[in-house]
Each structure stands twice: as C-alpha cells, then as structure tokens.
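The values are calculated or read from the model by the stated rules, or taken from the named source; none is laboratory data. What you are looking at is a predicted structure, and each value in this text was computed from that prediction instead of being measured. Cβ placement follows ideal geometry from the backbone for every residue including glycine, while neighbour counts extend to all protein chains displayed.
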Amino acid sequence: MGPQGPYADRAGTGPLPPPPVGGRAVCYRPGERSRLIYRPCTDPRSDGRKSFAWTDYRDLIAAAHRQLGGPIVLVWGNLNTHLAAGMRRYIAERDWLTVYRLPSYAPDLNPAEGIWSILRRTTMANRDFAGPQEVIAAVRRGLRRLQYRHDVLDGCLVGTGLVPAPL
C-alpha cells in the first residue's frame, strides 16, 4: 500500500496512526544525566484492553525506582489509569514516590509529549508503514535512540519549565 494506506504519515495523504500506547517517563536525578525509561504495550491483552492498566504503570514506576536507586518525583496528567483507586493506594504506600498532577489539557507541561513530538518529526516522519508492527518497531527504535541523547531529553524537560540540575 502506498501513501494512501491507513498507516501513511502526515507527509502522505492518509492519517498517521497513533503511537503504540505504553508508559514512558523522562527522569533525572540531581547531578546526573536525564534518562528515558519506557515500556511499550504492544501485545493484545486477554481483557481486550489496548493500553496500560494501572498495574502496568505500577510496574514501570517500580522499575524506574530500581534503575534510579532513589526517590521519584512523578509529573502526571489526568489519564484514568493514573487516577485509579489501586494506583492511588500504591502511591500513598510509597514514601519514595511523590506525584504532581498536571492540569487538564496541558500537554505543554508534560515532558513525555516532547518525546512524542520528536518521534513524529524524526523516526515517524515521511514514512509509509505497511502495518501496526512497522509502526511499533519504528517507535521502539526511536525511543532506544533517544535514551542516549541526554541533551534532547534535557530539552524536553526544559521545554516544560522543569530544569535539570547541572552536572
């Protein structure tokens, strides 16, 4: 299928597919380089859900805590899984976890939105995807590349007003 296909980007005539859903976070510890921690959710779930459940976010937060080895300050939107009762309990039971909720409709304050913007302009730009698996592979490839671009990650933080401490 050419650019008219269902997986053409904005350079073509078809709609750009939504990025694969999953969890991602731009993280930093004062005095250290920024990090991108992500976990794609690409496999169909037995319950039919196509996105992260609160338990998936819980597991991502626990993995980030292990990788960073210290307290986490989480800046989150108002996604329903972020507000789930189980997630609220999990957050309340963790003294190493502080959560700030973003106001509704404030993507300019969310560093993860900067990541998606970069992916749309680089990895996903001017591509004709044959199907969802190609989109998923491109997003994973782009996220892996961004993991090593600390300057770009810092830019996503600075763009929201969150300024990482200097090294």
Filter result (over 13 Å from His82 (Cα atoms) and either modelled with pLDDT of 85 or more or of a type outside the set (Gly, Ala, Ser) (or both)) within the stretch 45-58:
Arg45, Asp47, Arg49, Lys50
Residues satisfying the stated conditions in the stretch 152-167, i.e. touching a Lys or Arg at 6+ places or on another chain (Cβ under 9 Å) and surrounded by fewer than 13 Cβ atoms within 10 Å (Cβ to Cβ):
Ala165, Leu167
Please go through the stretch 106-118 and pick out each residue that is surrounded by 14 or more Cβ atoms within 10 Å (Cβ to Cβ) and not small (Gly, Ala, Ser).
Leu109, Asn110, Pro111, Glu113, Ile115, Trp116, Ile118
Given (1) within 18 Å of the chain's Cα centre (by Cα); (2) over 26 Å from Thr55 (Cβ atoms); (3) surrounded by 12 or more Cβ atoms within 10 Å (Cβ to Cβ); (4) at pLDDT 85 or above, Asp128 misses just (1)
Among the candidates Arg144, Arg140, Arg121, which residue alone is surrounded by fewer than 18 Cβ atoms within 10 Å (Cβ to Cβ), modelled with pLDDT of 85 or more, charged (D, E, K, R) and over 14 Å from Tyr38 (Cα atoms)?
Arg121
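Residues checked against (1) assigned to a strand (DSSP E or B); (2) in contact with a Phe, Trp or Tyr (Cβ under 8 Å, 6 or more places away or on another chain); (3) modelled with pLDDT of 80 or more:
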{"position": "Gly23", "(1), (2), (3)": "yes, yes, no"}
{"position": "Gly31", "(1), (2), (3)": "no, no, no"}
{"position": "Thr42", "(1), (2), (3)": "no, no, no"}
{"position": "Ala63", "(1), (2), (3)": "no, no, yes"}
{"position": "Thr81", "(1), (2), (3)": "no, yes, yes"}
{"position": "Thr98", "(1), (2), (3)": "yes, no, yes"}
Only residues that are among the small types (Gly, Ala, Ser) and assigned to a loop (DSSP other than H, G, I, E, B): list them for the stretch 83-96, please.
Ala84
Matching residues, the stretch 100-132, being of a type in the set (Asp, Glu) and in a helix (DSSP H, G or I)
Asp108, Glu113
So which residues in the stretch 147-160 are more than 15 Å from Arg35 (Cβ to Cβ) and either among the hydrophobic types (A, V, I, L, M, F, W, C) or within 14 Å of the chain's Cα centre (by Cα) (or both)?
Val158
